[in-house]
Amino acid sequence: MPQINISNNTQNPFAHVSNVNRLNENDRDGRESQRSLRPQFGSSDGIYVNNELFHDKDIFLEDYKQMNRSFKIYVYPHRRNDPFANVLLPVDFEPGGNYASESYFKKALMKSHFITKDPAKADLFFLPFSISRLRHDPRVGVGGIQDFIRDYILNISRKYPFWNRTGGADHFYAACHSIGRSAMEKSEEVKFNAIQVVCSSSYFLSGYIAHKDVSLPQIWPRQGDPPNLASSKRKKLAFFAGSINSPVRERLLHSWRNDSEIFAHFGRLTTPYADELLGSKFCLHVKGFEVNTARIGDSLYYGCVPVIIANHYDLPFADILNWKSFSVVVATLDIPLLKKILKGISSDQYLMFQKKVLEVRKHFQWHCPPVDYDAFYMVMYELWLRRTSVRVSLPVSKVPNH
């Protein structure tokens, strides 16, 4: 048996503060209201409140450079004639649609300098199956994804030594559609040991483990630079558009359907969606089937301050970004107080929020190829924080050649 020594290779520099961005963590049953995380500016009663965009920008920039220099990922290869090559390879087109984040991330990763063909140099191992493509593959479909993942893990664990030496703890996969969570039901080691880079990042659900897993931002792809923005043109207090597919949205509709300042719209819009975002001071991200939607990315792109109404959402990049500096979090039971909360924010406070929105939005954009500090590099940094150092002496013959 090889000698294995597993040690933590880094300490999360933001661990002591990242919990402030995890929404209503103690409100497990949802019955007891927790007062909304109201914006705080300056210091009060001698307590310092961080209004900066980053928890610690100096640490982030220093570590970011180290990540770019040294972080390495090994991708499990497959046969050229593998019948499921389409599932394992990145897409050969520009990703689109509501769940494009999975394809953008995989496409960027496979062409990046982080990839190594030498598993001995790898910090992490990527499981390249695409939940999105499996879902639409007629040979697999929604009903067969669990069996495919189970068989895939069994295959690599028999063929390679890397999975078994850590139980998959230094492996990761990416998925944006919520079906990715149920896809691991027959592969519990993936769910509980591997790093899950997923859009549906709710720590209320047993399949997601905050600090181990990574919240992948759900971002609708857009071409070109964001529009030039001016807060003076924002006449509406708040805006939401979407289907009624959750009790939270039903509560929003019940409270604000006919309001003259909070526009809660359900069904097809008669005006351009972009115009509504550009014309509103606050844009509402309201939990639907899942805690995640593309509305946070939409809000940031159009310079609208996001209001997050989604209990238990482990927000993207919470280890790095101070969400209190550019967003407002409202507990679902406080929806009837929404106008009071938003009107309690002064003009100066709002301008500070929007300034941070314009600074942070570059971190919530995908590019082909990726650019520094965009969504791809931010996800890579989150993975870098979770890397472990595994030292194993293995005969070369145990590593198959392809």
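The values are calculated or read from the model by the stated rules, or taken from the named source; none is laboratory data. Not measured: the values here are computed from a predicted model. When we count neighbours, we look across all protein chains shown, and the Cβ atoms used for this are built from the backbone with ideal geometry, even at glycine. Accessible surface is based on the protein model in full, side chains and every heavy atom, while ligands, DNA and RNA are left aside. Shrake-Rupley method; radii C 1.70, N 1.55, O 1.52, S 1.80 Å.
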Within the bounds of the range 147-164, is there any residue that is surrounded by 21 or more Cβ atoms within 10 Å (Cβ to Cβ) and charged (D, E, K, R)? no
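Hey, among the residues in the range 270-293 that are in a loop (DSSP other than H, G, I, E, B) and farther than 16 Å from N311 by Cα, which one's most open to solvent (accessible area, probe 1.4 Å)?
Taking the range 270-293 first, the residues in a loop (DSSP other than H, G, I, E, B) are 270-272, 279, 287-293.
Of the ones still in play, those that are also farther than 16 Å from N311 by Cα are 270-272, 279.
Working: T270: 134, T271: 59, P272: 75, G279: 18 Å².
If we take residues in the range 270-293 being in a loop (DSSP other than H, G, I, E, B) and farther than 16 Å from N311 by Cα, then T270 is most open to solvent (accessible area, probe 1.4 Å).
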Top-ranked residue of the range 198-237 - restricted to ones that are touching a residue at least 60 places away in the same chain (Cβ under 8 Å) and not in a loop (DSSP other than H, G, I, E, B), ranked as surrounded by the most Cβ atoms within 10 Å (Cβ to Cβ): S215
From the list R150, R139, exactly one residue is more than 30 Å from D275 (Cβ to Cβ), basic (K, R), assigned to a loop (DSSP other than H, G, I, E, B) and modelled with pLDDT of 90 or more. Which is it? R139
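Residue check: is K356 in contact (Cβ under 8 Å) with a residue 24 or more places away in the chain, in contact with a Ser or Thr (Cβ under 6 Å, 6 or more places away or on another chain), outside any strand (DSSP E or B) and farther than 14 Å from F239 by Cβ?
Working: in contact (Cβ under 8 Å) with a residue 24 or more places away in the chain: yes; in contact with a Ser or Thr (Cβ under 6 Å, 6 or more places away or on another chain): yes; outside any strand (DSSP E or B): yes; farther than 14 Å from F239 by Cβ: yes.
Criteria met by K356.
With E185, E189 as the choices, which residue is among the charged types (D, E, K, R), within 23 Å of G167 (Cα to Cα), assigned to a loop (DSSP other than H, G, I, E, B) and touching a Gly at 6+ places or on another chain (Cβ under 9 Å)? Can you show your working first?
Numbers: E189 fails: assigned to a loop (DSSP other than H, G, I, E, B).
It is E185.
Each row is one residue, and each column tells you yes or no for (1) among the charged types (D, E, K, R); (2) out of contact with any Asp or Glu (no Cβ under 6 Å at 6 or more places or on another chain); (3) farther than 30 Å from D298 by Cβ.
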residue: D58; (1), (2), (3): yes, yes, yes
residue: P77; (1), (2), (3): no, yes, yes
residue: R80; (1), (2), (3): yes, yes, yes
residue: V87; (1), (2), (3): no, yes, no
residue: V91; (1), (2), (3): no, yes, no
residue: G97; (1), (2), (3): no, yes, no
residue: S103; (1), (2), (3): no, yes, no
residue: A108; (1), (2), (3): no, yes, no
residue: S112; (1), (2), (3): no, yes, no
